[in-house]
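Notes follow the structure.
The values are calculated or read from the model by the stated rules, or taken from the named source; none is laboratory data. This structure is a prediction, so every number in the text was calculated from the model and none was measured. All Cβ positions, glycine included, derive from the backbone under ideal geometry; neighbour counts span all protein chains shown. Side chains included, ligands, DNA and RNA excluded: accessible areas come from the protein's heavy atoms. Shrake-Rupley method; radii C 1.70, N 1.55, O 1.52, S 1.80 Å.
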Amino acid sequence: MGAFPPSTRTWGAALGVAVLLGLGCARPRALPSASPLEAGGVFEEVGVASWYGGDDGFAGRPTANGERFDPRELTCAHRTLPFDTRVEVKNLGSGETVILRVNDRGPYARGRVLDVSERAARALGMHAAGTARVRIRSVDARGNPAPVDPEVLRGNPYTIQVAALADPEGIRRLSQEVRDLGPVSLQEVPGRGVKRVRVGAFARLEDAQRAALVLARRLEGRGLDPFVTRVR
């Protein structure tokens, strides 16, 4: 995989100014600590998981890594973990644990950190409830805690998903509004008639998080929830 183009290495300086302008005198939300992915450490995260693959129409559709989604497989969607990363997911309410493989991007709902397959939801005891508070931890093929290989991250920078829209004019206007933070890309959602509007290509998670804060302030009150994900 090649090195990042110069543009992905210059967002940090530009965003330092953009954050000040975008946030004004308001107190910003605290940024998470340095990503374990970039530091070569074991990735851990706690948050709310949901599941997909029932009657929602996702079964058989392409996942973000190109596979066909099979609700019967032990897979999951995460916003930033590299594809094929194995994660141990523990339901903090019931104590049930399962090891999953990342093959998709998401979740796209506010306040959630993981989408798991229907089979995984049953294994975690969260199928009926629909959601559960979970702990995610990167593991190796034997299920032992293990760091994600930093080499896997190269060539796949962070980006910010601003919105998913169907209206062409709305897409055009939003794209113009956010393009000062980086190149805008549109990702078509198969079978949904909508396009995801994304902006920027950031080598560092911290730079992407700062840009997301700028966008959150700029778009406040419009029902949008910009979040950091990966280009692919």
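Structural remarks
- Restricting the range 190-215 to residues that are open to solvent by 20 Å² or more (accessible area, probe 1.4 Å) and free of Cβ contacts under 8 Å to residues at least 60 places away in the same chain, the residue that is nearest to the chain's Cα centre (by Cα) is 196.
Rundown of residues vs (1) touching a residue at least 24 places away in the same chain (Cβ under 8 Å); (2) in a strand (DSSP E or B), yes/no style:
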site	(1), (2)
133	yes, yes
148	yes, no
161	yes, yes
173	no, no
177	yes, no
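- Looking only at residues of the range 112-150 that are acidic (Asp, Glu) and open to solvent by less than 50 Å² (accessible area, probe 1.4 Å), we find that the one that is nearest to residue 101 (Cα to Cα) is 115.
- Hits in the range 48-60 (condition: under 19 Å from the mean Cα position of the chain (by Cα) and either open to solvent by 60 Å² or more (accessible area, probe 1.4 Å) or under 14 Å from residue 108 (Cβ atoms) (or both)): 48, 49, 50, 51, 52, 58
- Scanning the range 65-92 for residues that are buried (at least 18 other Cβ atoms within 10 Å of the Cβ) and in a loop (DSSP other than H, G, I, E, B) yields 69, 71, 78, 79, 80, 81, 82, 83, 85.
Each row is one residue, and each column tells you yes or no for (1) modelled with pLDDT of 95 or more; (2) surrounded by 19 or more Cβ atoms within 10 Å (Cβ to Cβ); (3) outside any strand (DSSP E or B).
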position	(1), (2), (3)
94	yes, no, yes
100	yes, yes, no
103	yes, yes, no
108	no, no, yes
